[in-house]
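Undergrad: I have a structure here, written as structure tokens, and I will follow up with some questions on it.
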Amino acid sequence: MEKLTIITPDDWHLHLRDGDMLGETVPATARCFKRAIVMPNLVPPVTNATMANEYRQRILNALPAGNNFQPLMTLYLTDQTTQQDIIEAKEKNITAAKLYPAGATTNSNAAVSQLESLYPVFETMSEVKMPLLVHGEVTDGDIDVFDREKVFIDRHLSVITQRFPGLLVVFEHITTKDAVEFVISSSDKVGATITPQHLMLNRNDLLVGGIHPHNYCLPVLKRNIHQQALCDAVVSGNAKFFLGTDSAPHEKSRKEADCGCAGCYSAWSAIELYADIFEGLGVLDKLEAFASINGAKFYDLPVNESTITLIKSPWQIPQEITLPNGRPIVPFYAGKTVNWRIEGARS
Ligand code: NCD
Ligand code: ZN
């Protein structure tokens, strides 16, 4: 196939950051996605509806003229989040709330230390039908970083999904066979996003032949059997799995450092990389459901009416991009070739 037209996709897990960085990140996503679930891990975190709606406006201000991209806003749950915060968020058009275990990832210091204390909040979220988005990793120092997702399932996620059977739960950026099996065996209230990097890479791509900081993200890349399980999940076409890039920019100097940040900036090539992945797996015909239908249905939002066309025309991802502050960032898969491009996009 040389040409593929699909319903305009949505990105169900995205970091846009704030300030002048929005001048880079917002156009990069809005060039091909109609909507995106915007992560709230700013400094300080986005913990209430007022902050989220102010952030929404800053994002909209960074949109190229005439682009109708729609940011879907999220709240960052903390030990202080109340049931009233959720009710107010629902009234003020906030789409979802994000659970980061304290210390799990970038800017998660303010996050939740005792999950049980949030049970009343989960109850309200279930009542008002607000999805709970979960960064599914425990952070205990004695749990190996490669086991943190599985231990989170066993200790917490299985408990939450059983105790709140009506709560919509998105298990974000899953990385293991255990997570795939958990999602498949759960009710239809439980879905999951899968990133391009976790489909394309495994931990060899992070650690063999030298350390590769631009392939470092959290949850960390796992063994190839886990990568294979994620690929099998998308090949199955199961509607519980949908697109979430977890595009998470950090300046080059913050990635290539002695304590390098976690996150891959994939927005420049996101839908194109997914097209390559699906083609490689022999299921290009399943890209549209994964990218443009499954997530919208899970969130009970309308499927987009517009379309995008991808054409087979190889191009190279730049080695570096200059941010609005003048400093460089290295995009995910920099210098590598992508086979698909969006019709009408830069050459
Ligand atoms: C994300 C970031 O940098 O904000 N990093 C990452 O490696 N994915 C945070 C996150 O989603 O965990
Ligand atoms: Zn993320």
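Undergrad: Can you give me the number of residues within the stretch 189-211 that are surrounded by 15 or more Cβ atoms within 10 Å (Cβ to Cβ) and over 19 Å from Leu132 (Cα atoms)?
TA: Residues flagged as surrounded by 15 or more Cβ atoms within 10 Å (Cβ to Cβ) and over 19 Å from Leu132 (Cα atoms) within the stretch 189-211 amount to 10.
Rundown of residues vs (1) closer than 22 Å to Phe241 by Cα; (2) free of Cβ contacts under 8 Å to residues at least 24 places away in the same chain, yes/no style:
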{"site": "Pro9", "(1), (2)": "yes, no"}
{"site": "Leu14", "(1), (2)": "yes, no"}
{"site": "Ala28", "(1), (2)": "no, no"}
{"site": "Cys32", "(1), (2)": "yes, no"}
{"site": "Val38", "(1), (2)": "yes, no"}
{"site": "Val43", "(1), (2)": "no, no"}
{"site": "Gln57", "(1), (2)": "no, yes"}
{"site": "Ala62", "(1), (2)": "no, no"}
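Undergrad: Out of Val134, Val145, which single residue is within 13 Å of ligand 1 (Cβ to nearest atom), open to solvent by 10 Å² or more (accessible area, probe 1.4 Å) and either in contact (Cβ under 8 Å) with a residue 60 or more places away in the chain or of a type outside the set (Gly, Ala, Ser) (or both)?
TA: Val145
Undergrad: Within the stretch 173-186, is there a residue that is within 16 Å of ligand 1 (Cβ to nearest atom), in a helix (DSSP H, G or I) and under 17 Å from the mean Cα position of the chain (by Cα)?
TA: For the stretch 173-186, residues within 16 Å of ligand 1 (Cβ to nearest atom), in a helix (DSSP H, G or I) and under 17 Å from the mean Cα position of the chain (by Cα): present.
Undergrad: Kindly indicate whether any position in the stretch 283-291 is closer than 26 Å to Gly210 by Cβ and either out of contact with any Gly (no Cβ under 9 Å at 6 or more places or on another chain) or among the aromatic types (Phe, Trp, Tyr) (or both).
TA: no
Undergrad: Within the set of pairs 6+ apart or on separate chains, which have a first residue in the stretch 158-187 that is closer than 20 Å to Ala97 by Cβ and among the aromatic types (Phe, Trp, Tyr), a second that is within 16 Å of ligand 2 (Cβ to nearest atom) and assigned to a loop (DSSP other than H, G, I, E, B), and C-beta atoms under 7 Å apart?
TA: From the stretch 158-187, the pairs are Phe171/Gly136.
Undergrad: Do we find that Thr5 is within 16 Å of ligand 2 (Cβ to nearest atom) and of a type in the set (S, T, N, Q) in this structure?
TA: Answer is no for this residue.
Undergrad: Further question: Taking the stretch 91-141 as the region of interest, how many residues are within 16 Å of ligand 2 (Cβ to nearest atom), among the hydroxyl-bearing types (Ser, Thr, Tyr) and at pLDDT below 90?
TA: 3
Undergrad: Something else about it: Would you confirm, using the coordinates I've provided, whether Glu272 is open to solvent by less than 10 Å² (accessible area, probe 1.4 Å) and charged (D, E, K, R)?
TA: Answer is yes for this residue.
Undergrad: While we're looking at this one, here's another question. Listed residues Arg35, Arg17; which is modelled with pLDDT of 95 or more, closer than 25 Å to Val134 by Cβ, charged (D, E, K, R) and open to solvent by 30 Å² or more (accessible area, probe 1.4 Å)?
TA: Just a single option satisfies the conditions, and that option is Arg17.
Undergrad: Residue check: is Thr50 surrounded by fewer than 18 Cβ atoms within 10 Å (Cβ to Cβ) and among the hydroxyl-bearing types (Ser, Thr, Tyr)?
TA: yes
Undergrad: Go through (1) in contact with a Ser or Thr (Cβ under 8 Å, 6 or more places away or on another chain); (2) farther than 22 Å from Phe298 by Cβ; (3) assigned to a loop (DSSP other than H, G, I, E, B) for Gly166 and report which single condition fails.
TA: Unmet condition: (2).
Undergrad: A follow-up question, please. What are the residue pairs meeting all of these: first residue in the stretch 253-280, first residue under 14 Å from Phe332 (Cα atoms), second residue assigned to a loop (DSSP other than H, G, I, E, B) and acidic (Asp, Glu), Cβ atoms under 7 Å, and 6 or more apart or on different chains?
TA: Pairs that qualify, where the first residue is under 14 Å from Phe332 (Cα atoms) and the partner is assigned to a loop (DSSP other than H, G, I, E, B) and acidic (Asp, Glu): there are none.
Undergrad: Can you tell me which residue is nearest to Phe298 (Cα to Cα) among those in the stretch 74-100 that are touching a Lys or Arg at 6+ places or on another chain (Cβ under 9 Å) and within 16 Å of ligand 1 (Cβ to nearest atom)?
TA: Thr74
Undergrad: Evaluate the following for Ala233: is it at pLDDT 95 or above and within 13 Å of Leu199 (Cβ to Cβ)?
TA: yes
Undergrad: Which pairs have Cβ atoms under 6 Å, sit 6 or more apart or on different chains, and link a residue in the stretch 193-218 that is closer than 21 Å to Ile329 by Cα to one that is among the charged types (D, E, K, R) and away from ligand 2 (no atom under 16 Å from the Cβ)?
TA: Going by the 6 Å Cβ cut-off, the qualifying pairs are Pro213/Glu256; Asn215/Asp205.
Undergrad: A further question follows. Could you please give the count of residues in the stretch 306-321 that are loosely packed, with under 15 Cβ neighbours inside 10 Å and assigned to a strand (DSSP E or B)?
TA: Total meeting the criteria: 5.
Undergrad: Can you pull out every residue in the stretch 180-194 that is among the small types (Gly, Ala, Ser) and touching an Asp or Glu at 6+ places or on another chain (Cβ under 9 Å)?
TA: Ala192
The values are calculated or read from the model by the stated rules, or taken from the named source; none is laboratory data. These numbers were taken from a predicted model, which means no experiment stands behind them. Neighbour counts are summed over all protein chains in view; Cβ atoms, including those assigned to glycine, are modelled from backbone coordinates with ideal geometry. Calculation scope for accessible area: heavy atoms of the full protein, side chains included, ligands and nucleic acids excluded. Shrake-Rupley method; radii C 1.70, N 1.55, O 1.52, S 1.80 Å.
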